[in-house]
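Some notes on the structure that comes next.
The values are calculated or read from the model by the stated rules, or taken from the named source; none is laboratory data. Note that this is a predicted model, so its numbers are computed, not measured. Cβ placement follows ideal geometry from the backbone for every residue including glycine, while neighbour counts extend to all protein chains displayed. Keep in mind that these areas ignore ligands, DNA and RNA; they rest on the heavy atoms of the full protein, side chains included. Shrake-Rupley method; radii C 1.70, N 1.55, O 1.52, S 1.80 Å.
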Amino acid sequence: MELFNEPLKGREADVYRPLLAYLREKKLGRIIKPYVPRWELMPLHKQCRLALLWKEAGFAEEAGRLASWLLKLEEFPTLWCPEKEFDEQIIAACFAKLRDIEPIEGPGFDYNLTLIQESKMSAALTLDGFGTSMGVIHAGVDIRAFGPQAGLSFGIAGKGMDGWARVAAYPEVWVEMKGFNFRFVGVKPENPISLAFYVKAEICEIGNEILKPKSLRRFVGETTQVRFGKKTTLQTNRPFKLEVIPLAGENCFWGTEFLLNYFINPFDPQISIKFY
């Protein structure tokens, strides 16, 4: 598969190399060492490929359980996907191939994931990551990624615990997520952090300011409300310093058009957001 033209490293190498070695030995008719299917947190399209390889290796039950779990996440393709690995066509192709596997309901996988399904919103929220997002939100517009950001460093890293996730940029900083209520611990004035939202939308309005994608005009100021046309409004519990940056909306930043940075006050590091 084309995945294995890419260099394997870290968690992916630990998962895929033993499996690929097993498949090679099996195809050559050699004595096969015992192999136990191993799962690890990765972008969803790479987990689709893992399920397909499990099926090829003869582990139909494991492949079916993974396929069943992944199909529930198909509407959140950017979940656990680093920005540089996002390719909409590849992800769609991987999910299409996944339908070759008969799904099997069974025990889930070890992850910190909450799914929200409401009449006007669906979301997948996670406390586990590897420099990746805290989730994906569909609420009129698509928020394809959100999480803590410091400079060019984005997201959370490691396994979450008791509602908390570790900030990728500063391992000593943690963020608590309860629904869309966020609380940071360990933020220092000399190491500023924002809560970033990457949004796919045609237009952004803040007060009388109107921003469009691919423009050089940006917004910096205090506000409680950001609107995306007539589709979605983000409302904070109090005024926050906010920066809105128009993006290209094509092959970068998960194909989004706007970056919202809510700057976290180190002396009052909490923020609550409602969507309507």
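Here are some notes:
- Ordering of 121-127, 96-102 by burial proxy (mean other Cβ atoms within 10 Å per residue, highest first): 121-127, 96-102
- For the range 176-226, trypsin sites (Lys or Arg not before Pro) meeting the loop criterion (DSSP other than H, G, I, E, B) and having at most 12 other Cβ atoms within 10 Å: Lys214, Arg217.
- Principal semi-axes in Å for the range 191-276 [√(5λ), Cα gyration tensor, largest first]: 21, 15, 12
- For the range 20-134, accessible area per residue (1.4 Å probe, heavy atoms of protein chains only), Å²: 51 Å²
- Accessible surface, the range 138-231, averaged per residue in Å² (probe 1.4 Å): 51 Å²
- Degrees, to the nearest 10: 60-71 long Cα axis against longest axis of the chain: 20 degrees
- Partner lysines whose Cα lies under 24 Å from the Cα of Lys33, excluding those fewer than 8 positions away in the same chain, are identified as Lys9, Lys55.
- When +1 charges are put on Lys and Arg Cβ atoms and -1 charges on Asp and Glu Cβ atoms, the dipole computed for the range 70-110 relative to its Cα centre reaches about 60 debye.
- Under a model in which nothing but the beta-carbon of Lys, Arg (+1) and Asp, Glu (-1) is charged, the chain shows a dipole of about 140 debye around its Cα centre.
- Counting protein heavy atoms only, the chain has 52 percent of its accessible area on carbon and sulfur, 1.4 angstrom probe.
- Distance from the alpha carbon centroid of the range 62-116 to that of the range 119-164 works out to 16 angstrom.
- Judged by the mean number of other Cβ atoms found within 10 Å, the most tightly packed of the peptides 219-230, 155-166 leads the ranking 155-166, 219-230.
- Computed over the chain, relative contact order equals 12 percent, with contacts defined as Cα pairs under 8 Å that lie 6+ residues apart.
- Among Ala196, Asn208, Ile91 - extreme Cα towards positive end, dipole of the chain, charges at beta-carbon: Ile91
- The alpha-carbon positions of the range 140-241 define a convex hull whose volume is 127 Å³ per residue.
- Isolated Cys in the chain, by beta carbon distance under 4.7 Å: Cys81, Cys204, Cys252
- Taking a ≥ b ≥ c as the square roots of the eigenvalues of the Cα gyration tensor, the chain is classed as prolate, since a/c reaches at least 1.5 and a/b is larger than b/c.
- Treating r as the C-beta distance of Val185 and Glu74 and R0 as 35 Å, the FRET efficiency rounds to 0.55.
- Convex hull volume per residue, computed on the Cα atoms of the range 1-101, equals 100 Å³.
- Per residue Cα convex hull volume in Å³ - calculated over the range 147-204: 111 Å³
- Sorting the segments 132-142, 19-29 by their mean number of nearby beta carbons within 10 angstrom, highest to lowest, gives 132-142, 19-29.
- Prolate/oblate/rounded call for the range 60-216, Cα gyration tensor, a/c under 1.5 rounded: oblate
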